[in-house]
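Have a look at the structure below, then the notes.
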2 protein chains.
Amino acid sequence: MPEDREVTIYDIARYLNISAATVSRGLKNNPMISKNTRKKIAEAAKSLGYQSNTFASSLRSRHTHTLGVLVPRLNSHFMSSALAGMENAANRHGYNLIIAQSLEDVEKEKRNAATMFNKRVDGLLISLSYNTQDIHHLEPFFKRKIPVVFFDRVYPHDESTSVGINNQEAAYNITKHLISQGCRKIMHLGGNLLRNVYQERLAGYRKALEDHHLPFSKKLYLTGPLSEQAGADAARYILDLPAEERPDAVFSANDTAAVYCMLTLKTAGLRIPEDIAFAGFNNDPISRVIEPNLTTMDYSGDSIGNTAATYLINHLKGISNLYTTNAITLRADMVIRASSLKNKLP
Amino acid sequence: MPEDREVTIYDIARYLNISAATVSRGLKNNPMISKNTRKKIAEAAKSLGYQSNTFASSLRSRHTHTLGVLVPRLNSHFMSSALAGMENAANRHGYNLIIAQSLEDVEKEKRNAATMFNKRVDGLLISLSYNTQDIHHLEPFFKRKIPVVFFDRVYPHDESTSVGINNQEAAYNITKHLISQGCRKIMHLGGNLLRNVYQERLAGYRKALEDHHLPFSKKLYLTGPLSEQAGADAARYILDLPAEERPDAVFSANDTAAVYCMLTLKTAGLRIPEDIAFAGFNNDPISRVIEPNLTTMDYSGDSIGNTAATYLINHLKGISNLYTTNAITLRADMVIRASSLKNKLP
């Protein structure tokens, strides 16, 4: 296809602003060309990734060496770390990344997917928007066997792989930790259940309650955008409850809502963790600045991004086969900090 | 050039996995094609940006509609906001972004620039790495009249434009604010002077001291990577000074170093702002979580990214001319918070 281009002597000539004939001679170490120019040509050939091997050239001839990356928002701590991890892997293997954000809007996600398809990306890395219901917009990729890797906000599909963590287990463990600290009325701040990550965190929370014979109460389960505002609103909701109905702990599905809930409750005079313990999710920078520091789940965007991109590239290179792997589950580590330590460490 | 591709009926056929003949008929609203299929074809044509106008096609024929973005690190709050702003502008105008990070290493920056050139980006958006000394590696772009826009960490060059804020004025104002609060021994935590942003912030700090007849003391000027560790180290440096030599305020060139300096000093028992006032730079999320909240300079990555990309695209479209503009300076607003308020508001 025309989009794939092997680096040629014309590219080197264009890059150095000299003639192709000079480049050709320089690459053959022809003494007609000054030593200095030959050095420049050799350096440029290396920088641009020039390959004189025509066999290698034909092998690659249907590839653009470009990966598409579709994310909900570029400007979250988690997503920028994931992108940094992908860039690292892609750069190491000679791939480029084209990026686009859906701004949590499925219609924009559809348009972005069409653009990536049309740009003839070799593969797609995608984390779904808040309100995506299905993945029909990815059908053109599946039909053409353009590999798709989901990361973080994933979707089950036979012909793609998902990279993420075990959200249910993580939420189970963090809820269990709160229970071990003597908490019995644990509130959960969750996100949109269309997204697996929030569905699984809710399931883990409920399972932990159940296993410890604690009731699940709808009054102690709030869903929303998990924003700063949502955190502050949750605090006001808690303060409005009769004292005997107030939760003694909050497990939030992200750190942002946890931190802004804490700040509002602190201003109202509640003590953390004595009156109400807190746990978040993500290990964002703010979790180490809030006082007391926030117990959270460390969940490296960098590793997820790096793993997803490496896996996609390995598939493209024929080193591994994406169609035989359903999911890659990475480690998530609970980081216990002062916000949840009512007793000693469990 | 082969890299530029107008969307054709073959692209639509490939996208829908149907024949080009069917697409051609569908676009002509031929009743031989089912209504449902015609609808699908029309939608795909819209999504992919199909243009039947061949004149438009020839006008665009040397363009890839791709912009290269080179940044020091993808995973900082400022940079991810800038990227989000660029993506917004690019998406609105039908451009794609290819991204790469230098990880603050000039050698990687050089390789990334060569890759972008070779990918035939229509233009380049770049923020320089920590140790970049000159911009010889951008010469291929200048020679080929591929427009280059610097943002944030800029470099003066006749044939490009810089987008940023007036760092000197901002630093001057924030230092003046600390002086207005009664501070007389103001420490500055700065970054590498190779980068204009840190050089200009130092200059603004020094100018404010001078205008208020306060001496500049080398003992109260530390430079470093402005990391969490650098912030904590600065705190230990302060604590090791004899009491009478300690600063009564710190102006840090970023929020990260300011916040980690504050946390360490607080643990050592110093009161903020009573014993030592604080001001940072960037208005990162952590500045609104640290207690007391940090006075800082609000400096929107989103606007800088959006402006830089829009400006570059307008140049490519012939709406404005990049070669006649040296610099675009955006607003930066001082955000006064409790960390610097020793008196009432000035």
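The table below gives the values:
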{"item": "Residues of the range B:132-155 that turn out to be of a type outside the set (Phe, Trp, Tyr), out of contact with any His (no Cβ under 6 Å at 6 or more places or on another chain) and touching a residue at least 60 places away in the same chain (Cβ under 8 Å), as a count", "result": "6"}
{"item": "Filter result (crowded, with 23+ Cβ neighbours inside 10 Å, facing chain B (nearest Cβ under 8 Å) and not in a helix (DSSP H, G or I)) within the range A:67-84", "result": "A:Leu74"}
{"item": "Within the range A:168-186, considering residues that are touching a residue at least 60 places away in the same chain (Cβ under 8 Å) and in contact with a Lys or Arg (Cβ under 6 Å, 6 or more places away or on another chain), the one farthest from A:Leu330 (Cα to Cα)", "result": "A:Gly182"}
{"item": "Filtered residues of the range A:106-131 (kept if touching a His at 6+ places or on another chain (Cβ under 7 Å) and either of a type in the set (Phe, Trp, Tyr) or at the interface with chain B (Cβ under 8 Å from one of its Cβ atoms) (or both))", "result": "A:Lys110"}
{"item": "Within the range B:267-298, considering residues that are away from chain A (no Cβ under 14 Å) and within 27 Å of the chain's Cα centre (by Cα), the one nearest to B:Met334 (Cα to Cα)", "result": "B:Met297"}
{"item": "Unique residue being within 27 Å of B:Glu104 (Cα to Cα) and free of Cβ contacts under 8 Å to residues at least 40 places away in the same chain when the list is B:Gly231, B:Gly224", "result": "B:Gly224"}
{"item": "Among residues of the range B:289-337, those that are in a helix (DSSP H, G or I) and crowded, with 16+ Cβ neighbours inside 10 Å, counted", "result": "16"}
{"item": "Subset of the range A:90-102 [more than 8 Å from chain B (Cβ to nearest Cβ) and either at positive phi or buried (at least 22 other Cβ atoms within 10 Å of the Cβ) (or both)]", "result": "A:Ala90, A:Gly94, A:Tyr95, A:Ser102"}
{"item": "The range A:113-128: number of residues that are modelled with pLDDT under 95 and among the polar types (S, T, N, Q)", "result": "2"}
{"item": "Residue match in the range A:119-135 (condition: out of contact with any Ser or Thr (no Cβ under 9 Å at 6 or more places or on another chain), of a type outside the set (Val, Ile, Thr) and assigned to a helix (DSSP H, G or I))", "result": "no"}
{"item": "Among the candidates B:Ser300, B:Ser252, B:Ser287, residue that is under 20 Å from B:Tyr198 (Cα atoms), modelled with pLDDT under 95 and in contact with a strand residue (DSSP E or B) (Cβ under 8 Å, 6 or more places away or on another chain)", "result": "B:Ser300"}
{"item": "Subset of the range B:243-264 [buried (at least 24 other Cβ atoms within 10 Å of the Cβ) and either among the aromatic types (Phe, Trp, Tyr) or not in a loop (DSSP other than H, G, I, E, B) (or both)]", "result": "B:Ala249, B:Val250, B:Phe251, B:Ser252, B:Asp255, B:Thr256, B:Ala257, B:Ala258, B:Val259, B:Tyr260, B:Cys261, B:Met262"}
{"item": "Members of the range B:236-249 that are touching a Lys or Arg at 6+ places or on another chain (Cβ under 9 Å) and either touching a residue at least 60 places away in the same chain (Cβ under 8 Å) or of a type outside the set (Val, Ile, Thr) (or both)", "result": "B:Leu239, B:Leu241, B:Glu245, B:Arg246, B:Pro247, B:Asp248, B:Ala249"}
{"item": "Number of positions in the range A:85-118 that are part of a strand (DSSP E or B) and either more than 17 Å from A:Phe151 (Cα to Cα) or not assigned by TED's automatic domain parsing to the domain that holds A:Val154 (or both)", "result": "1"}
{"item": "Strands (runs of 3 or more DSSP E) within the range B:154-241 that include 2 or more residues crowded, with 22+ Cβ neighbours inside 10 Å", "result": "B:160-165, B:186-190"}
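The values are calculated or read from the model by the stated rules, or taken from the named source; none is laboratory data. This one's a predicted model, so the numbers in the text were calculated from it and none came from an experiment. With ideal geometry, Cβ positions are generated from the backbone for all residues, glycine too; neighbour counts draw on all protein chains shown.
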